[in-house]
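J.: This is the structure I have questions about; it appears just below.
The values are calculated or read from the model by the stated rules, or taken from the named source; none is laboratory data. Predicted, not measured: the structure shown is a model, and the values here were computed from it. FYI the Cβ positions are ideal-geometry reconstructions off the backbone, even for glycines, and counts take in every protein chain you see.
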Amino acid sequence: MISKQQGRTWGDWKLDTESHTLDLYMNGGILYSVQLTGITDSAQMLDWIIQLREKTWITNDHIGDLVSALDHIFDPQATICRGGQHRTIDPMRALNMFYASDPDDDHIWTRMVKPPA
């Protein structure tokens, strides 16, 4: 079951606002980190999801929670893959907007979309 976002965590994933990573916690420590500053388009986002899906230790809950976190942070349907069109974002701008947002505001990104080249 996909968990609801609580503060800045999604299941076992926690957002680190200093390193700009989503960190997967297991057994009391960080098992894996997703570097969010490199996510500028849907291909890079999908690469992280598939890369993790291929790990033998990952669970369906971990993947679902990761997708929920990425959706909440970047709102990709509105920003990088609306209507199947390739778009790019400035990940630091997106992260700074997210850090400043209300944790319960799900869709704040529509104004940061760059048109396709």
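J.: I'd like to verify a number: residues in segment 48-77 that are outside any helix (DSSP H, G or I) and closer than 22 Å to residue 99 by Cα, how many?
T.: Number of matching residues: 1.
J.: Just the residues that are free of Cβ contacts under 8 Å to residues at least 24 places away in the same chain, of a type in the set (Asp, Glu) and surrounded by 13 or more Cβ atoms within 10 Å (Cβ to Cβ), please, taken from segment 48-62.
T.: Within segment 48-62, no residue meets the criteria.
J.: Is one or more of the residues making up segment 20-32 within 13 Å of residue 67 (Cβ to Cβ), touching a residue at least 24 places away in the same chain (Cβ under 8 Å) and assigned to a loop (DSSP other than H, G, I, E, B)?
T.: no
J.: Moving to a separate point now. Taking the conditions exactly as written (modelled with pLDDT of 90 or more and surrounded by fewer than 17 Cβ atoms within 10 Å (Cβ to Cβ)), does residue 71 satisfy them or not?
T.: Values: modelled with pLDDT of 90 or more: yes; surrounded by fewer than 17 Cβ atoms within 10 Å (Cβ to Cβ): no.
Answer is no for this residue.
J.: So residue 14 ticks every box in (1) out of contact with any His (no Cβ under 6 Å at 6 or more places or on another chain); (2) in contact (Cβ under 8 Å) with a residue 24 or more places away in the chain; (3) surrounded by fewer than 21 Cβ atoms within 10 Å (Cβ to Cβ); (4) not in a loop (DSSP other than H, G, I, E, B) but one. Which box is left unticked?
T.: Looking at each condition in turn, residue 14 falls short on (2).
J.: Right, next: All but one of (1) touching a residue at least 24 places away in the same chain (Cβ under 8 Å); (2) out of contact with any Gly (no Cβ under 9 Å at 6 or more places or on another chain); (3) buried (at least 19 other Cβ atoms within 10 Å of the Cβ) hold for residue 94; state the number of the condition that does not hold.
T.: (1)
J.: Further question: Has segment 82-89 got any residue that is under 20 Å from residue 9 (Cα atoms) and either under 13 Å from the mean Cα position of the chain (by Cα) or surrounded by fewer than 19 Cβ atoms within 10 Å (Cβ to Cβ) (or both)?
T.: So the first thing to find is which residues in segment 82-89 are under 20 Å from residue 9 (Cα atoms), and the list is none.
No: segment 82-89 contains no residue that is under 20 Å from residue 9 (Cα atoms) and either under 13 Å from the mean Cα position of the chain (by Cα) or surrounded by fewer than 19 Cβ atoms within 10 Å (Cβ to Cβ) (or both).
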